[in-house]
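S.K.: I have a structure I would like to understand better, so I am pasting it below and will then ask my questions one at a time.
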Amino acid sequence: MYYHSYINYKENSMYIYLPIAEQPIHSLVILGVGTFLGLIMGLVGVGGGFLLTPILMFLGIPPPVAVASVANQLVAPSVSGVLSHWKRSNVDFKMGSVLLVGGVIGSSIGVVIFNFLGKIGQLDFVIKSSYVIFLSLIGSLMLLESLRLILRKRKGKVSRGKLHQHNWLHGLPFKTRFRKSKLYISILLPILIGILVGILAAIMGVGGGFIIVPAMIYLLGMPTSLVVGTSLFQIIFVAANTTILQASQNQTVDIVLATILLLGSVLGVQIGAKFTNVLKGEYLRLILSTIIILVSLKLLSDLITAPSDLFSITINR
Amino acid sequence: MKNLKFYFLAIIFSISIPFEGKTLNEIVADLSQGNVKISTNFLGAKILLFGAYDGKQGDDIIIVVTGPKGLVTIQKKEKIFGMWVNTKKVNYINTPKYLSISSNRPIDEILEKRTQKLSQIGLNNLNIRVQPGTKIDDNVGWREALTRNMIKSNLWSINENSVSLNKNALFRSYLNLPSNVVVGEFEVKILHYRNGSLLSKEKNTINVSKSGFSAEIYNIAENYSTLYGIFAVLLAVLIGWGTNLVFRKF
C-alpha cells in the first residue's frame, strides 16, 4: 500500500488567530468593538471595561481569557486619559497613590480567588453572575439619573452642585490631609475602597471606574473635577498588576487580542472626547444605560434558560 | 514501475480535486513532511489523503486519525435557585483530543460489532477511562456526553462513505482539522479489509504545530509568563502614551 497526502489550508487574511484564546477571529470585529468602547469612554468618561468583557464572551472568547486580556487593554486608554487630565491638573496623585495601594492588594487577592474558582469549575458562573448584578445595578441607576436630569432640564431648573459632607467613615484612625482634594480623612477609607475595587477588577476584568468614581464622590467627598483623572491613575496600576499576575499564574493574557482592542479604544477615546461638547451628556447616558441593561439581561437569560446540553467539556491542553 | 504508475495517478487525482469556498485563500501544500502549521491566519485545514492499495472487488478501506491523548473534563449543570450551575464533574484520561474515522461504506457493513470493539473502531469503542478515584453515578450518560460534545466541537467525527475507492486500486479521503484543533502528534492508520478481516495496514504520523508569530507568542506566554505580562503592560503604556502625543496636536 502506498499513500500520499496534501494539505489544503483554509486561511483568510482578515482573520487573525488569537494565540492564547486559540481561535481565529475577524480582526475588524475586534477593532470595531475596541473603537466602540473607546467612543463610550471618551464620550461618557467611564471606562468601557464592564461592557467589553461581556461582549468578548458573547463573541466566544473564553471568559478567563476575556477577563485577563481586557485588564491588559485597559492600561492604554487609562495612561492616555491620565496624561490629558494631568495637563489640566485634574489628578490628585496623593489620593491616587493611596487608592492604588489598596487596588494592588485587592487585585492580587482577586487573582487568587480567580484561580480558586477556576479550580472548582465555577469561574464562568461567578464572572457571569457578578456581571448580571453589577450591570443591572449600574444600568438602572444611570437610567434613572439621566431621566431625572432630562426631566429637570425640560422644567428649566438648574441643578445645584453637591456639597461635600462628612460621614462617620471619615473619622476612622490615621487621618491624613489630601491637599489637592481639600480633604482631611482617614487613610483607611481609600485603602479599603481600593481593595474592594481591586478584587472586582481582577475577577471581572474591569478597571473599576464605575464603582470607584461614585465611591470617590459620595464616600470620600472628593471634588468631581478630580475624580476621573485620579481614578484613571489608580486603574493603570490595578490593571497592570492584574495583567502581570494573570499572565504569570494562568497564562490567560492574549496580547494579540488586547493590542487590537486597545488600538481601537485609544482611537475611539480621542474621537469621543472631540464630540463630548456636541452631544448632550444625559442623552448619552440614557443610550449607554440602555445598552448596559440589555447586556445584563442577555447574560441573565444565559444563566436561567435551560442549556441544550446539561454537559459541557473542557479539553485540557 | 508500480511506483511510477502510482505517482502518475496521484497527480491526476490531485489536479481533479475541487476546491470549495471562494472567500478563503486556500493553499495546497505537500504533506510529505507530515507537518500542519497553525499560522496567524489559520481557520482550519483540509488534508487530502490518497494512495494505492492492492485490492479486489469488495475490499474496504478504513482510515483512523487519532490526535494527542490526554485529560478531558466534563461538567454537568443543575438548576440551583433558578440558575444553571456546574455541579458535578468527571475527568476522562487517555482521551483522544481529535479522532476521525472514515470509511468507504458504513462500518457496520464492513466489520462485525465484536471486531469493531476489539480494534477500537468507533467513537464508543475507545480505551478511555474515568480518572481513578472518581465516583460516577451514571457511567453511560457521562460517556455519551463526552462523545456528543466532542462531535459538537468538530473534534471527533465518523465519516462513513467518505473514502472513495477507484478500480480496486486507489483510495482518496479528506480529513478536516477544525480551527480549534489541538497541537501534537496525530496518528494516521489506513486499514485495508477483505471480508471483514484486516489484510494490510499503513501507519504514519502528522505533526500539528503552531508556526510563526502566534507560535512564538504562545511559547513566550507559557515559558516566560511573568516577562510576557510585563511586556504586555509596557506595550499598552507605550501605545497609550503615544496616542496622547499624536492627538495633542489636534
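Every number in this text was worked out from the coordinates using simple rules, so none of it is lab data. Since the model is a prediction, treat every value here as computed from it, not as a measurement. For neighbour counting, all protein chains shown are included, and Cβ atoms are generated from backbone atoms with ideal geometry for every residue, glycine included.
S.K.: Cα-based Rg (one decimal) and Dmax (whole number) for the protein assembly as shown, in Å?
M.R.: Both quantities, over Cα of the protein assembly as shown: 28.8, 98 Å.
S.K.: Could you give the C-alpha radius of gyration of the range B:211-250 expressed as a fraction of 2.2 N^0.38 Å, taking N as the number of residues it contains? All intermediate terms of the calculation are to be shown ahead of the outcome.
M.R.: Values: Rg = 14.1 Å, N = 40, 2.2 N^0.38 = 8.9 Å.
Cα Rg divided by the expected 2.2 N^0.38 Å: 1.58.
S.K.: How many Cβ atoms of partner chains, on average, are near each residue of A:252-264 if near means within 10 Å of its Cβ? If you can, show how the numbers build up before the last one.
M.R.: Working: counts 2, 7, 4, 9, 4, 0, 4, 4, 0, 1, 5, 2, 0.
The per-residue average across the peptide is 3.
S.K.: Pairwise over distinct Cα atoms, reciprocal of the mean inverse distance: report the Kirkwood radius of chain A in Å, one decimal place.
M.R.: Values: mean 1/r = 0.0483 Å⁻¹.
Across chain A, the inverse of the average 1/r is 20.7 Å.
S.K.: I need the semi-axes of the equivalent ellipsoid of the range B:98-179: take the C-alpha gyration tensor, multiply each eigenvalue by 5, square-root it, list largest first in whole angstrom.
M.R.: 29, 16, 9
S.K.: For chain B, take the longest principal axis of its alpha carbons; what is the angle in degrees between that and the long axis of helix B:212-223, to the nearest 10 within 0 to 90?
M.R.: Rounded to the nearest ten degrees, it is 70.
S.K.: If we count other beta carbons within 10 Å of each Cβ, what is the order of B:Glu109, B:Glu202, fewest first? Before the final figure, lay out each step's value.
M.R.: Values: B:Glu109 11, B:Glu202 15.
Starting with the residue having the fewest Cβ neighbours, the order is B:Glu109, B:Glu202.
S.K.: With no solvent and one point per C-alpha, what does the Debye sum give as log10 I(q)/I(0) for the range B:139-238 at q = 0.20 Å⁻¹?
M.R.: -1.16
S.K.: If we count every other residue with Cβ under 12 angstrom of B:Asp138's Cβ, Lys/Arg +1 and Asp/Glu -1, where does the sum land?
M.R.: +2
S.K.: Looking only at other chains, what is the average number of their beta-carbon atoms within 10 angstrom of each beta-carbon in A:299-310?
M.R.: On the way: counts 0, 1, 0, 2, 4, 5, 2, 3, 2, 1, 6, 11.
The mean count of partner-chain Cβ atoms within 10 Å per residue comes to 3.
S.K.: Let me see the P(r) profile for chain B: every Cα-Cα distance counted, bins of 5 Å, each bin given as a percent of all pairs.
M.R.: Whole-percent P(r) values from 0 Å outward: 1, 5, 10, 12, 14, 13, 12, 10, 7, 5, 4, 3, 2, 1, 0, 0, 0.
S.K.: Considering every pair of different Cα atoms, what Kirkwood radius, in Å, is found for the range A:191-253?
M.R.: Values: mean 1/r = 0.0828 Å⁻¹.
Taking every pair of different Cα atoms in the range A:191-253, averaging 1/r and inverting gives 12.1 Å.
S.K.: Only residues of the range A:181-212 count here: report those whose backbone N is under 12 Å from the spot 7 Å along Cα→Cβ of A:Trp86, or say none.
M.R.: Answer for the range A:181-212: none.
S.K.: Let's see if you can work this out: charge +1 on each Lys and Arg Cβ, -1 on each Asp and Glu Cβ, no other charges. What is the dipole magnitude of the range B:90-206 about its Cα centre, in debye to the nearest 20? Provide the component values of the computation, followed by the final result.
M.R.: On the way: 16 positive and 10 negative charges, 40 e Å.
That gives the range B:90-206 a dipole magnitude of about 200 debye.
S.K.: Something else now. If you take each beta carbon of peptide B:206-217 and count the beta carbons of other chains within 10 angstrom, what is the mean?
M.R.: Numbers: counts 2, 0, 0, 0, 3, 0, 1, 4, 8, 2, 1, 7.
If you average over the peptide's residues, the count of other-chain Cβ atoms is 2.
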